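Visitor: Input: one structure, supplied below.
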Amino acid sequence: MRKCIGFFGGTFDPIHLGHLRLALELKQQLALDEMRLLPCYIPPHRASPSVDAQQRLTMLQLALNDCAELRWDARELQREKPSYTYDTLSELRAEFGEDASLSWCMGMDSFVTLDSWHRWQELAGLAHLVVVARPGWEIPVVGPVAQLIAQHRADVSEIHAKPAGKLVILEQRLLPISATEIRVQIQAGESPQFLIPDAVWKYIRVQGLYR
Ligand code: ATP
């Protein structure tokens, strides 16, 4: 049986229940053998001033401590420079082999900018692209991304049939939680409890993050 692995990238600044719930639902809906969350490197001038890459990773690790279904993958942070998804997927393809089904998952907000990504037209050759609709973001109907959709759009069931090359658009329910709002709340002295895992909130307080 072909192994099926999903990857969900993000800044996770901080990781919240919206990310975690979506990753788990995708794993279940796509019937993946494995689902990994990959924090991306953020250049120091763009990062939250009080939070470094190691702290974002620690929060992700704390969030996943009690969840055997999801894993973390720190490869983009270890490179200490912005990673191209193309490079990450090439590395993963070399690691998992030609036969494994790899799915790169992202929100529609990321997907609509796909044609500005490094070697974007080659991404579908390396993995399936799984796009989750996000309120406020429409499926592109004209332009290069719309053409890509027309060429590769497929049903979820096809993810298992091939190692790469399909584009799946899902209407998944998303919890209305935003990392930006959480950072603003904390800075204003408000509590984000019940929007992020308790262990992550405790870590943020002990470390004095996002103040
Ligand atoms: P912000 O809320 O500040 O925009 P973000 O949470 O969108 O931050 P990332 O951490 O980079 O930023 O998001 C990673 C991925 O998670 C993106 O593909 C994004 O579409 C998705 N995502 C963000 N918020 C949610 C949510 N509430 N539910 C499900 N997925 C989400």
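The values are calculated or read from the model by the stated rules, or taken from the named source; none is laboratory data. Since the structure is predicted, the reported quantities are computational estimates derived from the model, not experimental observations. Here the Cβ is made from the backbone with ideal geometry for all residues, glycine too, and neighbour counts use every protein chain on show. Keep in mind that these areas ignore ligands, DNA and RNA; they rest on the heavy atoms of the full protein, side chains included. Shrake-Rupley method; radii C 1.70, N 1.55, O 1.52, S 1.80 Å.
Visitor: Using a/c under 1.5 as the rounded threshold, could you call segment 1-122 rounded, prolate or oblate? The axes a ≥ b ≥ c are square roots of the C-alpha gyration tensor eigenvalues, and prolate needs a/b larger than b/c, oblate otherwise.
Guide: oblate
Visitor: I've got another one for you. Each label point is 7 Å from the Cα along the Cα-to-Cβ direction; what then is the distance between the points at residue 29 and residue 178, in nm?
Guide: So the two model labels end up 2.2 nm from each other.
Visitor: Sequence gap at least 6, Cα distance under 8 Å: using those rules, report the relative contact order of segment 125-211 to the nearest whole percent.
Guide: After rounding, I find 30 percent.
Visitor: With the dipole of segment 61-211 worked out from charges on the C-beta (+1 for Lys and Arg, -1 for Asp and Glu) around the Cα centre, which of 140, 151, 127 lies farthest toward the positive end?
Guide: 140
Visitor: Also: Using amide H atoms built in the peptide plane, which far-off residues or other-chain residues are under 5 Å from residue 72 H to H?
Guide: Residues meeting the criterion, in which the H sits 1.01 Å from N, are 37.
Visitor: Could you state how much accessible area residue 7 has, in square angstrom rounded to the nearest 10, with a 1.4 Å probe and all protein chains kept in place?
Guide: Roughly 0 Å² of residue 7 is accessible to a 1.4 Å probe.
Visitor: Next up: Which of the three applies to segment 68-123, rounded, prolate or oblate, going by the alpha-carbon gyration tensor with a ≥ b ≥ c and a/c under 1.5 meaning rounded?
Guide: Rounded shape, in that the Cα axes give a/c under 1.5.
Visitor: In debye, nearest 20, what is the charge dipole magnitude of the chain about its Cα centre with +1 on Lys and Arg Cβ and -1 on Asp and Glu Cβ, if you could check?
Guide: In debye, rounded to 20, the chain gives about 260.
Visitor: Before anything else, pin down the relative contact order of the chain: Cα pairs under 8 Å, at least 6 apart, normalised by residue count, whole percent.
Guide: 25
Visitor: Sticking with this one: Roughly what would the spin-label model give for residue 98 and residue 207, points 7 Å off Cα along C-beta, in nm?
Guide: 4.2
Visitor: Counting only protein heavy atoms and a 1.4 Å probe, tell me what percentage of the chain's accessible area is made up of carbon and sulfur.
Guide: On the chain, the fraction of accessible area on carbon and sulfur atoms equals 50 percent.
Visitor: When the dipole is taken about the Cα centre of segment 82-207, and only Lys, Arg (+1) and Asp, Glu (-1) are charged at their Cβ, what size is it in debye, to the nearest 20?
Guide: In debye, rounded to 20, segment 82-207 gives about 260.
Visitor: Whenever you get a sec, line up 132, 206 from highest to lowest accessible area (probe 1.4 Å, protein heavy atoms).
Guide: 206, 132
Visitor: Sorted by packing (mean other beta-carbon atoms within 10 Å per residue), highest first, where do 144-157, 81-94 land?
Guide: Most protected by this proxy first, the peptides run 81-94, 144-157.
Visitor: Ok, one more. From largest accessible area down, sort 137, 117; use a 1.4 Å probe on the protein chains.
Guide: So, going from the largest accessible area down, we get 137, 117.
Visitor: Any chance you could check the Cα centroid distance between segment 134-199 and segment 1-28 for me, in angstrom?
Guide: 10
Visitor: Is the shape of segment 113-169 rounded, prolate or oblate, going by the alpha carbon gyration tensor and its root eigenvalues a ≥ b ≥ c, with a/c under 1.5 for rounded and a/b larger than b/c for prolate?
Guide: Verdict is oblate for segment 113-169.
Visitor: Another question about this same structure. Calculate, in nm to one decimal, what residue 68 and residue 190 gain on full extension: separation in residues at 0.36 nm each, minus their alpha carbon distance.
Guide: 40.8 nm
Visitor: Sticking with this structure for a sec: Which sequence of 169, 204 reflects their accessible areas, 1.4 Å probe, from the largest down?
Guide: Highest to lowest solvent-accessible surface, that is 169, 204.
Visitor: Counting other C-beta atoms within 10 Å, and keeping those with at most 15, which DSSP coil trypsin sites (Lys or Arg not before Pro) do you find in segment 28-82?
Guide: In loop regions of segment 28-82 (DSSP not H, G, I, E or B), the sparsely surrounded trypsin sites (Lys or Arg not before Pro) are 46, 79.
Visitor: Okay, moving on. Just how much of residue 72 is accessible, in Å², when a 1.4 Å probe is used and the result is rounded to the nearest 10?
Guide: 120
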